[in-house]
Amino acid sequence: MKKSTKSWVLPVIVISQFACTSLWFAGNAVADDITKSYALGADIVGHITSAVQFGFISGTLLFALFTLSDRFSPSRVFFVCAVLGALSNLMALLESSAAMLLLSRFLTGFLLAGIYPVGMKIASDHHREGLGKALGYLVGALVVGTAFPHLLKSFGAILSWEKVIIATSVCSALGGMLILVFVPDGPYRRKSQALDLAAFFKVFRKKEFRSAAFGYFGHMWELYAFWAFIPALLATYNTMNTTDLNISLFSFYLIAIGGVSCVAGGYLSLRVGSHKTAFYSLLISGSCCLMSPLFFASHSVLLLAFLTLWAMTVISDSPQFSTLVAQTAPEESRGTALTIVNSIGFLITIFSIQMLNFLTSQWETQYAFLFLAPGPLFGLISMSYKKG
């Protein structure tokens, strides 16, 4: 008997995911203002991003180890983490010190572990067919939510950096409430009845699962380092070419446009499959890494066209990797599988972000992005072992 879910459930999940993931780059969007207000060093941007990523990794490890989203109602887990994440985001306003700022970002990242992968778990519990399309919308919401603080920051004459932090916290709390009130547990949810610490390792025994997971890991080496250093990339271009691109506005655009490509990739996956969609997205974005130095001396229109292509393909494979992971994981461990793969993927982002942090301080920025190319290459090689 075919199970069904309400047509409005996916839009609610998408809106909630957007609202809650606005916490992710809230610190990055206002990093320049925080640096001036707190008299911090210029390298704080990389540390802010890494603190969120490290918090997310710690959270996902804990969630995966104790199989929380498989043992308890994922909608309730999402709600609790959304509200606590909003409060941890507000901690950045409490004290003018680097330690409090980094603690705030760490705790925010920790609680995002109960939002992003759990949101995918909720979506997969409501969709058996067309999961790639559903996750395309969901990751698209993550992308736009991640970009949203940059849009708020672009209204700097109206909104102070403190108001940007408050606005993203309010969004997160409201997003959690939407999930709690309107999204019940899905018809395809298979509850894990007991704590199974071995599930943390069992999920990697399947070859198809490993292929999807390793492809995702290569993708993650590139993704967040690219996003985190878009403002630095644009600032370098302005300096080299004496232009005056609006860094906050174009940073928002270049991250948010990925939301469109996630949705488009979701529909494409219905025709060609998630594997091909992810593979060719990764191939194009990896090629952009290699070509990036060529565009720093080009006209601004050409640069933005190139960056648009890169920004769209750097993320369009993400929902398809999550689809492949969800489809190849054991049903009773799907939430754990999604969470642990996210955890490892975000651990990888810390190394690539810190690498770019170092390279941009030692080298000319336009050459640093070449070192993101090994990630897509590893992912493409891993995916080539898929059967069929």
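The values are calculated or read from the model by the stated rules, or taken from the named source; none is laboratory data. These numbers come from a predicted model, not from an experiment. Neighbour counts are summed over all protein chains in view; Cβ atoms, including those assigned to glycine, are modelled from backbone coordinates with ideal geometry.
What residue, among those in the range 344-362 that are aliphatic (A, V, I, L, M) and in contact (Cβ under 8 Å) with a residue 24 or more places away in the chain, is surrounded by the fewest Cβ atoms within 10 Å (Cβ to Cβ)? So that I can check it myself, show each step before the final result.
Just the residues of the range 344-362 that are aliphatic (A, V, I, L, M), to begin with: 344, 347-348, 350, 353, 355-356, 359.
The next check asks that each one be in contact (Cβ under 8 Å) with a residue 24 or more places away in the chain; those that pass are 344, 347-348, 350, 353, 355-356.
On the way: Ile344: 18, Leu347: 18, Ile348: 23, Ile350: 20, Ile353: 24, Met355: 16, Leu356: 24.
Per the criteria, the residue is Met355.
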- Query: Restricting the first residue to the range 11-30 and requiring it to be buried (at least 24 other Cβ atoms within 10 Å of the Cβ), which pairs with a second residue that is at pLDDT below 90 and in a loop (DSSP other than H, G, I, E, B) meet a Cβ separation below 7 Å and a spacing of at least six or different chains?
  - Reply: Ile13/Val183
- Answer with yes or no whether Ser269 is polar (S, T, N, Q) and either closer than 27 Å to Leu359 by Cβ or without any contact (Cβ under 8 Å) to a residue 60 or more places away in the chain (or both). no
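With the structure loaded, tell me whether Asp244 is surrounded by fewer than 17 Cβ atoms within 10 Å (Cβ to Cβ) and out of contact with any Lys or Arg (no Cβ under 8 Å at 6 or more places or on another chain) or whether it fails that test.
Details: surrounded by fewer than 17 Cβ atoms within 10 Å (Cβ to Cβ): yes; out of contact with any Lys or Arg (no Cβ under 8 Å at 6 or more places or on another chain): yes.
Yes.
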- Query: Which one is surrounded by the most Cβ atoms within 10 Å (Cβ to Cβ), of the residues in the range 159-191 that are at pLDDT below 85 and within 22 Å of Leu254 (Cβ to Cβ)?
  - Reply: Trp161
- Message: Anything in the range 315-354 that is of a type in the set (Gly, Ala, Ser) and in a helix (DSSP H, G or I)? List them, or say none.
- Response: Ser316, Ser318, Ser322, Ala326, Ser333, Gly335, Ala337, Ser343, Gly345, Ser352
- Which of the residues that make up the range 270-290 are more than 20 Å from Ile381 (Cβ to Cβ) and either modelled with pLDDT of 90 or more or acidic (Asp, Glu) (or both)? Arg271, Val272
- Residue list for the range 192-223, restricted to those being buried (at least 18 other Cβ atoms within 10 Å of the Cβ) and modelled with pLDDT under 85: Ser192, Ala199, Phe200, Val203
- Task: Please enumerate the residues belonging to the range 62-92 that are at pLDDT below 85, of a type outside the set (Gly, Ala, Ser), assigned to a helix (DSSP H, G or I) and crowded, with 20+ Cβ neighbours inside 10 Å.
- Result: Phe63, Leu68, Asp70
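Look at Lys2 and say whether it is out of contact with any helix residue (DSSP H, G or I) (no Cβ under 9 Å at 6 or more places or on another chain), within 29 Å of Gly130 (Cβ to Cβ), modelled with pLDDT under 75 and charged (D, E, K, R). Step through it out loud before you land on a result.
On the way: out of contact with any helix residue (DSSP H, G or I) (no Cβ under 9 Å at 6 or more places or on another chain): yes; within 29 Å of Gly130 (Cβ to Cβ): yes; modelled with pLDDT under 75: yes; charged (D, E, K, R): yes.
Yes, satisfied.
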- Mind telling me which of the residues Val314, Val325, Val341 ends up being crowded, with 22+ Cβ neighbours inside 10 Å and under 27 Å from Thr243 (Cβ atoms)? Val314
- How do the pairs read when you match residues in the range 289-313 that are more than 18 Å from Val143 (Cα to Cα) with residues anywhere that are modelled with pLDDT of 95 or more and surrounded by 14 or more Cβ atoms within 10 Å (Cβ to Cβ), using Cβ under 6 Å and keeping only pairs 6 or more apart or on different chains? Cys289/Leu372; Cys289/Ala373; Leu290/Ala373; Phe295/Phe306
